[in-house]
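Read the figures in this text as sums done on the coordinates, not as results from a lab. None of the values given here were measured: they were computed from a predicted structure. Cβ placement follows ideal geometry from the backbone for every residue including glycine, while neighbour counts extend to all protein chains displayed.
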Amino acid sequence: MNHQDIFESLGLSPNEAKMYEALVEKGESSVSEIAIAAKIHRRNAYDAIHRLIDKGLCFEIFSSTENLYNAVDPDKLVELLAEKQTKLQEILPELKKQFQTRVAPQEAYIYRGYEGLKNVWRDVLRVGKESYFIGAKGGWYDVALEPARKAFFREANRKKIKFIQLFDTEVKERLPNFPKHFEGQLEYRFLPKAYSTKSGIHIFGDYVVTHTGLTIGRLAEDTIFFVLHSKDLAESYRTWFWYMWKQSEIPKK
């Protein structure tokens, strides 16, 4: 970030920032000299210099010929920052109260196909919390998803996201080495054979993602992901998940 950006972040306009930096470099100068150094129009320079005076960053030196101007010690910028922080602290308690008491947003939308799954993965990384899956089938390991999947797991591992999955029992039979090759932090069990389906439920944070038409180790290009954003719903699904977890088969070592 350059000086101009920093000055503007403290509340100075672009012209004020240019004028102040020119004054710091040149010292006592006329408006014309400052305007030339700052590369702004003389008419705009008059407005900017008076705003700098109002903010306490510049002072005027009166003369019988032409008044001059000079910059105040740059420590004044620290005071400006402290004033902004003080104002923020004044309103922060009320903002936090409003944030904590508001009703959690609820929404529903659809993702589709490989790009849809990549969107789900982006949501998982953004949320950064444990990921639960009911009826997992290893579809994430479809060969078409390999580059995106590897990038996803690199970031998921960096964020230490744990994946807790209930696999259909067919995964054990048809992909016997799959759990060993899982690229993330994995805990898993197998659902009873009678409860295998073509569907899956993915829960993370305040999100529940449901999809169907799944097969072992593959993901169809036209798979539809129904995304529900609801804190209460996600918490309910996690409660049901743990009930199913306790009824499911622990993998043999």
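Scanning residues 5 or more positions from K162 or on other chains, those with amide H under 5 Å from its amide H are E130, S131, with H placed 1.01 Å from N in the peptide plane. Peptide packing: for 76-83, 187-194, 12-19, 210-217, the average count of neighbouring Cβ atoms within 10 Å per residue gives the ranking 12-19, 210-217, 187-194, 76-83, highest mean first.
The calculated FRET efficiency for the pair E155 and D75, based on their C-beta separation and a Förster distance of 41 Å, comes to about 0.45. Karplus-based coupling profile of the range 207-220, in residue order and whole Hz: 10, 10, 10, 10, 7, 9, x, 8, 10, 5, x, 9, 10, 5, with θ = phi - 60° in 6.51 cos²θ - 1.76 cosθ + 1.60 and x standing for Gly or Pro.
For the Cα atoms of the chain, what angle does the longest principal axis make with the long axis of helix 146-158, in degrees from 0 to 90, nearest 10? Its long axis makes an angle of about 70 degrees.
Under a point-charge model restricted to the Cβ atoms of Lys and Arg (+1) and Asp and Glu (-1), what is the dipole moment magnitude of the chain relative to its Cα centre, in debye to the nearest 20? Please report the intermediate quantities before stating the final value.
Numbers: 38 positive and 35 negative charges, 380 e Å.
Computed charge dipole of the chain: roughly 1820 debye.
Computed about its Cα centre, the charge dipole of the range 3-98 is approximately 340 debye, with only Lys, Arg, Asp and Glu carrying charge at their Cβ.
Only bridges whose two residues both fall in the chain count here: according to DSSP, what percent of them are antiparallel, nearest 5?
Numbers: 27 of 38 bridges.
Antiparallel bridges make up about 70 percent of those DSSP assigns within the chain.
Between the beta carbons of S64 and V24, assuming R0 = 45 Å, the FRET efficiency works out to 0.95 to the nearest 0.05. If you take all other residues with their beta carbon under 13 Å from the beta carbon of V143, and give Lys and Arg +1 and Asp and Glu -1, the sum is 0.
Answer rounded, prolate or oblate for the range 1-127, using the Cα gyration tensor with square roots of eigenvalues a ≥ b ≥ c: rounded when a/c is under 1.5, else prolate when a/b is larger than b/c, else oblate. Present the calculation step by step, with values, prior to reporting the outcome.
Values: a/c = 4.02, a/b = 2.29, b/c = 1.76.
Taking the square roots of the gyration eigenvalues as a ≥ b ≥ c, the range 1-127 is prolate.
Computed from Cα positions, the angle between helix 42-54 and the longest principal axis of the chain comes to roughly 80 degrees. Overall shape: prolate for the chain, with the ratio a/c of the largest to smallest alpha carbon gyration tensor axis at 1.5 or above and a/b above b/c. Ordering H202, N177, L145 by the projection of their Cα atoms onto the charge dipole of the range 137-253, which places +1 on the Cβ of Lys and Arg and -1 on the Cβ of Asp and Glu, puts N177 at the extreme positive end.
Neighbours of G113, meaning other residues whose beta-carbon lies under 12 angstrom from its beta-carbon, give a summed charge of -2 when Lys and Arg score +1 and Asp and Glu score -1. Relative to the current alpha-carbon distance between N44 and K193, full extension at 0.36 nm per residue lengthens the span by 45.9 nm.
Taking +1 at the Cβ of each Lys and Arg and -1 at the Cβ of each Asp and Glu, which of I40, I91, S63 sits farthest along the dipole of the range 3-98 towards its positive end, judged by Cα position relative to the Cα centre? The residue sitting farthest along the positive end of the dipole is I91. With everything on Cα atoms, drop me the angle between helix 113-127 and the longest principal axis of the chain, reported from 0 to 90° to the nearest 10. The angle comes out at about 60 degrees. Computed extension length for R126-A148: 6.4 nm, one decimal, from 0.36 nm per residue of separation with the Cα-Cα distance subtracted. Summary value for the range 175-234: 28 percent relative contact order, contacts being C-alpha pairs under 8 angstrom separated by 6+ residues. Modelled this way, with points 7 Å down the Cα-to-C-beta line, the labels at S13 and K96 are 3.6 nm from one another. Counting charges near I91 (Lys, Arg +1; Asp, Glu -1) among other residues having Cβ under 14 Å from its Cβ returns a value of +1. The slack between D54 and T212, meaning 0.36 nm per residue of separation minus the straight C-alpha distance, is 50.4 nm.
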